[in-house]
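Below is one structure, written out as structure tokens; comments come after it.
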Amino acid sequence: MTYPPAPWRLEGYAVQTLHLVDIEQATAFIPSELEIVSLLPGKTLGGIYVSSYEAGSLLSYNELIVVPAFVRYQGQTGAWISHIYVDNEDSVAGGKEIWGLPKEMAEFNWDKGKVSVRQNQCELCQLYYQKGLLSLSTWWRQGFRGHAFGGLGSELLFFQSHFKSQISLLKANLEIPQESPFAFLSLGQPWLTLDLQKLELVAGVPELLGNQVINLSLAPK
């Protein structure tokens, strides 16, 4: 199996939900070496990111990313990705071996105003969305950066992604069945949902932060 080296340049569209997550519940998905960043008392920032990378991308695939919390380590702050699903085997291999991300295969179904993700017979989540009244950007594209951690074996990695996209607000309804591996997070309904159109994403080369053993204790299902 072959995959391209980092950085990966991807183009398409995505939907991003943002949630206030109970730190107590997020802790079960976070390595003990990392400090969970508190946004409000007892709450951290989490979210769901569902994307489709199309023609013009280094690899074409769909992706679901679950972020239970933002974390801090050695002065660096970023998202911890506890679950990540794609429908391309090369993306699985590259995600694991380059960025230390726990990528797994899943099936994606995009319909008008809805995306559902399944793994074998298990429904992972369904996201329903529609345009809101307010658009942050209707014709120009915004640029922004995101930071995240990954664990490759006993190594803790940190990487940066650059985004450029048209951004609009969406109304959204997120459904996560009890059998889903990340149902324990109790994400509930998002307080903010973003529609990312004409998305250009560059997933950067990871940086080694230290030989930290990653002991991620998942919550019981």
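Bear in mind that the values in this text are calculations on the coordinates, not laboratory data. Here the structure is a predicted model, which is why all the values come from computation and not from measurement. Neighbour counts are summed over all protein chains in view; Cβ atoms, including those assigned to glycine, are modelled from backbone coordinates with ideal geometry.
Structure summary
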{"quantity": "Separation in nanometres of the label points that stand 7 Å from Cα toward Cβ, at Ala28 and Trp191", "calculated": "2.3 nm"}
{"quantity": "For the chain, size of Cβ-based charge dipole, Lys and Arg +1, Asp and Glu -1, in debye", "calculated": "680 debye"}
{"quantity": "In Hz, Karplus ³J(HN,Hα) per residue of region 64-69 (6.51, -1.76, 1.60; θ = phi - 60°; x = Gly, Pro)", "calculated": "10, 10, 10, 10, x, 6"}
{"quantity": "Projected label distance in nm at Ala183 and Ser154, using a 7 Å step from Cα toward the beta-carbon", "calculated": "3.7 nm"}
{"quantity": "Prolate/oblate/rounded label for region 8-210 (Cα gyration tensor, a/c 1.5)", "calculated": "rounded"}
{"quantity": "Listed residues Ser91, Ser186, Leu169: farthest to the positive end of the dipole of the chain (Cβ charges)", "calculated": "Leu169"}
{"quantity": "For the chain, calculated [θ]222 nm from helices alone, where every DSSP H run of n ≥ 4 adds -39500 (n - 2.57)", "calculated": "-2000 deg cm²/dmol"}
{"quantity": "Ranked packing of 109-120, 14-25, 33-44, most packed first, by mean Cβ within 10 Å", "calculated": "14-25, 33-44, 109-120"}
{"quantity": "Shape call, region 88-184: gyration tensor on alpha carbons, a/c limit 1.5", "calculated": "oblate"}
{"quantity": "Stretch gain in nm, segment Val202-Gln119, where the contour uses 0.36 nm per residue and the Cα spacing is subtracted", "calculated": "27.2 nm"}
